[in-house]
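The values are calculated or read from the model by the stated rules, or taken from the named source; none is laboratory data. Since we're looking at a predicted model, the values are computed, not measured. We place every Cβ from the backbone using ideal geometry, glycine too, and count neighbours over all the protein chains shown.
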Amino acid sequence: MDAPFKYRGKVLTADDIGFINQLIGENPDDSRWVLSRKLCRAWNWVQPNGTLRDMVCRSMMLELHRAGHIRLPAKKRDMPNPLSDRRRPVKLAVDQSPVEGLLSQITPLQFRQVRRSPEEKVFNSLIEQFHYLGYCHPVGEQLKYIVYSGQRPIACLAWSSAPRHIGCRDRYIGWSQRLRKERIYLIEPTHKLI
């Protein structure tokens, strides 16, 4: 290997790749999943909350395998990926007639948090039908609200966790990797309005 191997910010030396090959050789009957967890433990490769980065590690090991640096054991099984098979929200019928008149005529407005409730399907359907980007499943922590006038939904609001890594954002605000890790909690959540 001429240059260090880099994957999602992690730089691997020839010694690191040699260690992975040794780990695979010493555990010939282990699955890729077990190997990635062992590697994470050996390198103390954990998320800020202490959880192993085994999914990222498996992806890195697969890239090393594809590049010919390591030889992974054959896959033992294909795990279903619910994210890749996600269906678009079902189109629900809602009153779409124009709202005309004074705001005082449609009040009081009721803001209902609909996350993990039967009304979440209504929210997802409305976003799919009326937001210019359509519906995409939010990542991380999230809140979903529908604003009602009487029984009629008239607006949807959503917030989700801020992305942890956006290079252009971090450079723009002058964050080094260390500052980003220390201050990521300060980023406001993203939102959608319709």
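Of K38, K6, all but one fail to be in contact with a Leu (Cβ under 9 Å, 6 or more places away or on another chain), surrounded by fewer than 13 Cβ atoms within 10 Å (Cβ to Cβ) and charged (D, E, K, R); the exception is K6.
What are the residues in segment 130-157 that are among the hydrophobic types (A, V, I, L, M, F, W, C) and under 21 Å from D95 (Cβ atoms), if any? If the condition is that a residue be among the hydrophobic types (A, V, I, L, M, F, W, C) and under 21 Å from D95 (Cβ atoms), then F130, I146, V147, I154, A155, C156, L157 are the ones that fit. Would you check which residues across segment 146-166 are assigned to a strand (DSSP E or B), of a type in the set (S, T, N, Q) and either in contact with a His (Cβ under 9 Å, 6 or more places away or on another chain) or exposed (fewer than 14 other Cβ atoms within 10 Å of the Cβ) (or both) and list them? If the condition is that a residue be assigned to a strand (DSSP E or B), of a type in the set (S, T, N, Q) and either in contact with a His (Cβ under 9 Å, 6 or more places away or on another chain) or exposed (fewer than 14 other Cβ atoms within 10 Å of the Cβ) (or both), then S160 is the only one that fits.
Restricting segment 82-112 to residues that are in contact (Cβ under 8 Å) with a residue 12 or more places away in the chain and polar (S, T, N, Q) leaves a set whose member that is nearest to C156 (Cα to Cα) is Q110. Here R115 fulfils each of the conditions (1) touching a strand residue (DSSP E or B) at 6+ places or on another chain (Cβ under 8 Å); (2) charged (D, E, K, R); (3) under 22 Å from R164 (Cα atoms); (4) at pLDDT 90 or above apart from (3). Among residues of segment 125-141 that are modelled with pLDDT of 90 or more, those with a Cβ under 7 angstrom from a residue that is among the charged types (D, E, K, R) and exposed (fewer than 12 other Cβ atoms within 10 Å of the Cβ), sequence gap 6+ or separate chain, pair up as S125/K91; E128/R88; Q129/K91. Would it be correct to say that R171 is assigned to a helix (DSSP H, G or I), buried (at least 16 other Cβ atoms within 10 Å of the Cβ) and over 17 Å from the mean Cα position of the chain (by Cα)? Spelling it out, it is not the case that R171 is assigned to a helix (DSSP H, G or I), buried (at least 16 other Cβ atoms within 10 Å of the Cβ) and over 17 Å from the mean Cα position of the chain (by Cα). Within the option set R183, R152, R115, being without any contact (Cβ under 8 Å) to a residue 24 or more places away in the chain, of a type outside the set (A, V, I, L, M, F, W, C) and assigned by TED's automatic domain parsing to the domain that holds Q96 holds for one residue only, R183. If you filter segment 113-142 down to residues that are assigned to a loop (DSSP other than H, G, I, E, B) and of a type in the set (V, I, T), you find that the one that is farthest from L157 (Cα to Cα) is V139.
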